[in-house]
Every structure is written in C-alpha cells, then in structure tokens.
1. Project the alpha carbons of the chain onto their principal axes and report the range along each, largest first, in whole Å.
2. In a GNM of the chain with a 10 Å cut-off on Cα contacts, which of A43, A339, A198 has the highest mean-square fluctuation?
3. Anyone know which of G330, G73, G94 comes out most mobile in the 10 Å Cα GNM of the chain?
4. When only Cα pairs under 8 Å and 6 or more residues apart are kept, what is the percent relative contact order across region 196-299?
5. Local charge sum around V76 (other residues, Cβ-Cβ under 9 Å, Lys/Arg +1, Asp/Glu -1)?
6. With charges only on Cβ, +1 for K and R and -1 for D and E, what is the dipole size of the chain about its Cα centre, in debye, rounded to 20?
7. With r as the distance between the Cβ atoms of W28 and L232 and R0 = 35 Å, compute the FRET efficiency 1/(1 + (r/R0)^6) and round to 0.05.
8. Determine the relative contact order of region 169-222: mean sequence separation of Cα pairs under 8 Å and six or more apart, normalised by residue count, in whole percent.
Amino acid sequence: MTDYLPYGRHIIDDEDIAAVVGVLKGDWLTTGPSVALFEEAVAALAGVEHAVAVNSGTAALHCAYHALGIGPGDEVVVPAMTFAATANAVCYCGARPVFVDVLEDNLLIDPDAIEACITPKTKAIVGVDYAGHPCDWKALRSLADRYGVALVADACHSIGGALDGEPVGSLADISVFSFHPVKHVTTGEGGMAVTDDAALAARMRTFRNHGITSDAAQREKTHSWYYEMVDLGFNYRITDIQCALGISQLSKLSRWIEKRNELAKQYDAAFMGTGVVPLLQRGNIQHAYHLYVVRCENRNDLFVRLRTEGIGVNVHYIPVYLHPYYAEKGYAKGLCPVAEKAYGEVLTLPLWPGMEAADIERVVQALVMI
Ligand SMILES: *Cc1c(COP(=O)(O)O)cnc(C)c1O
C-alpha cells in the first residue's frame with residue numbers, strides 16, 4: 001500500500017521548532033516582539049507599509065471589512081467561487097454579500113459581470129486570487145475607482161504571487177492572508193491584513209484587540225494602567241508562539257513557490273491533449289499555486305477513483321450561495337452559471353512543496369492512463 005498523498009500539507013523543520021521553543025522560554029507568549037517582527041516581514045514581502053496580524057484569515061477579512069466602514073444596509077461584491085469566509089465576514093458586519101460570476105478559463109471574478117451588480121449600497125469589491133492566480137487587479141481597480149468603492153483582495157491563496165511584477169498584497173486597498181496549515185506558510189491558525197493606509201491599519205489594530213487603543217506591552221512601557229475602548233472589537237489576537245513559527249516559515253516561501261510552479265508545470269505537460277484540462281494561466285503573473293485545479297467531465301468518478309487509490313483530491317469550491325445558510329436567505333440556484341458549471345467539473349490535485357516528480361507521475365497515471 002502506497003502512502004496517502006494529501007492535496008496539500010504543511011512542512012515543519014527543526015528551524016521552525018527551535019523558533020517556537022525560543023518563544024516558549026521567553027517572556028511574551030502572546031502580543032510581543034514576534035508579532036511585530038512577523039508583521040514587518042509580511043509587509044516587506046507584500047510591498048506595503050502596514051500589516052496587522054490576527055488569529056485567522058477569516059478574522060483578517062472581518063478586520064478589513066470593518067475598517068472600511070462596512071455595516072448594516074451595505075452590499076459587498078464577492079465572487080461565487082471562493083471559500084465561504086470571504087462572504088461570511090460580510091455578514092458578520094451586518095452587510096449583504098452580492099455574488100458575482102467568474103471567468104470560465106481561470107475561475108477568477110469576472111470584471112465585466114461586476115458592473116451589473118453595483119448599486120448605491122455597494123461599499124466594496126472583493127477579488128479572490130483563486131488557486132494562487134492573481135485577479136485582473138487593474139480592471140478591478142478601475143471599476144472600484146469609477147464607482148467610488150473600496151477594493152479588497154482575499155489573497156489567502158496567493159501570498160508570494162505577483163501581477164506585472166507588483167507583489168500580491170499591494171494590489172488592493174487591503175489584502176488578506178491566511179496561515180492555516182494547508183496554505184503556503186503556516187502558524188497553525190493565523191491571518192494578516194496588509195495595507196498602505198495608516199488609518200485603515202490603525203482601525204484594524206484596534207478591532208483585533210476589543211476596540212482598545214493600546215496593548216499590554218505599550219502600557220507596560222509607559223507605566224500606565226489607563227486604556228480606552230473606542231470601538232466594539234473582538235479578541236482576534238495572534239500569539240507570539242504562532243508568529244515565531246510564521247517568521248521561520250516565511251523564509252522558505254520563495255523556494256516553496258518555485259517548487260509549486262515546477263510541479264504544476266509537470267502536471268500541465270502531462271495533461272496536454274487529454275480530457276483533463278488545467279486552468280488557464282495568463283502571461284503577466286507570478287502564480288503562487290496554492291491549488292492545482294483541473295476540469296474534467298467525469299469528475300465524480302475520478303474523485304472516487306483517486307481517493308480509493310490513496311490520492312487526496314478535493315473540490316474547491318461549492319459556489320458559496322448554494323450552501324443552505326445562503327439558500328435560506330434567498331440566494332437561488334442559477335445566479336452564477338459559470339461557477340455552477342465549474343463546480344461540477346473541478347478537481348483539486350495534490351500540490352505542495354514536499355512532493356516529488358514521482359508523486360506527480362502517480363497522480364497523472366491514476367487520472368489519465370485508463
Ligand atoms: C483559507 C481561506 C480563508 C480563511 O482563512 P482561515 O485562516 O482558515 O480563516 C478565506 N478565504 C479563502 C479564499 C481561503 O482559502
């Protein structure tokens with residue numbers, strides 16, 4: 001019996017473990033020096049001024065939407081083909097997600113479909129860099145500017161990617177990353193929101209800490225017990241333990257992305273001329289390849305066959321509005337036909353930097369050699 005091959009997984013080495021142990025032996029377990037250092041490292045990578053670390057990508061989305069002033073009565077445009085959290089965080093704010101269809105060839109939000117969804121209530125457009133392929137951020141920016149709405153990047157799939165040489169993280173007003181173990185870089189659970197706007201960063205920083213304007217370390221430094229709660233925030237703080245792991249992981253990101261791209265190329269070559277069709281990659285991007293997604297007509301059969309052979313394929317995603325929670329709110333089947341058709345055909349194949357050429361070959365054999 002060959003080993004089970006998951007569709008994605010983390011890699012932890014001795015350096016990572018030493019970094020975590022170092023924090024455990026120190027003075028700060030939560031908000032301390034490692035949080036600030038991790039924020040600086042991610043801001044530098046993303047080419048922006050400010051980064052706010054939180055305890056999940058979902059929390060980072062909530063911080064971003066809240067900082068932009070999204071609230072009851074507002075609408076936020078989101079793609080149908082994403083993880084539920086992109087839309088759920090809109091609901092946390094009391095606002096309504098408006099689902100937009102995606103492009104047939106790469107499953108990214110369709111800029112031409114957005115315009116029809118914009119109303120006087122629209123506050124923001126959210127792009128998701130599905131599978132790690134950056135959206136057409138230039139088109140999204142010009143739409144956002146034309147209608148005077150904010151632009152948010154759910155970049156949970158695309159840390160380390162780029163568009164026309166501009167790093168992911170610098171392409172929207174606020175960009176959001178996740179550090180869940182299946183993502184590129186992990187902190188166990190964790191997330192980060194990055195921006196060039198100091199006021200947005202300050203609101204997110206306050207929001208992650210109950211709406212309080214200073215943290216314990218700052219108060220210790222100024223010998224003060226006084227603090228002010230100025231907003232109704234949450235406890236979305238990430239620990240120093242997690243951030244030490246994040247800093248150590250981040251140093252491997254560029255190597256890991258290179259490896260992901262190499263493995264993806266091997267898949268691409270193997271599927272040429274077969275009924276297994278990879279998503280299209282545009283020429284002006286650095287793909288982060290969080291996921292390697294193909295489309296195939298007999299997806300359900302292939303899913304079962306590969307799982308039976310110990311190959312951990314998956315399906316990303318069920319169009320968000322088809323989930324019972326959203327269906328009960330009145331979103332109906334047929335809303336985004338391209339996303340719905342894709343949902344019947346997509347299959348996520350194993351892709352993570354610990355895989356070797358032989359693993360890719362094993363997946364290819366199982367998929368196309370029958
Ligand atoms: C993983 C993910 C999230 C949520 O991140 P968590 O850290 O799991 O909360 C949000 N959006 C997308 C597209 C994701 O893939």
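Each reported figure results from applying straightforward, stated rules to the coordinates on display, with no laboratory input. Fair warning: this is a prediction, and the values are worked out from it, not measured in the lab. Positions of Cβ are backbone-derived with ideal geometry, glycine not excepted, and every protein chain shown enters the neighbour counts.
1. Extents along the principal axes, in whole Å: 71, 53, 38.
2. A198
3. Among G330, G73, G94, the largest mean-square fluctuation in the Gaussian network model of the chain belongs to G330.
4. Values: 76 pairs, mean separation 19.9, N = 104.
Relative contact order for region 196-299 comes out at 19 percent.
5. 0
6. Working: 29 positive and 44 negative charges, 107 e Å.
Approximately 520 debye in magnitude.
7. Values: r = 26 Å, r/R0 = 0.76.
Computed FRET efficiency for L232 and W28: 0.85.
8. Numbers: 51 pairs, mean separation 13.5, N = 54.
The value is 25 percent.
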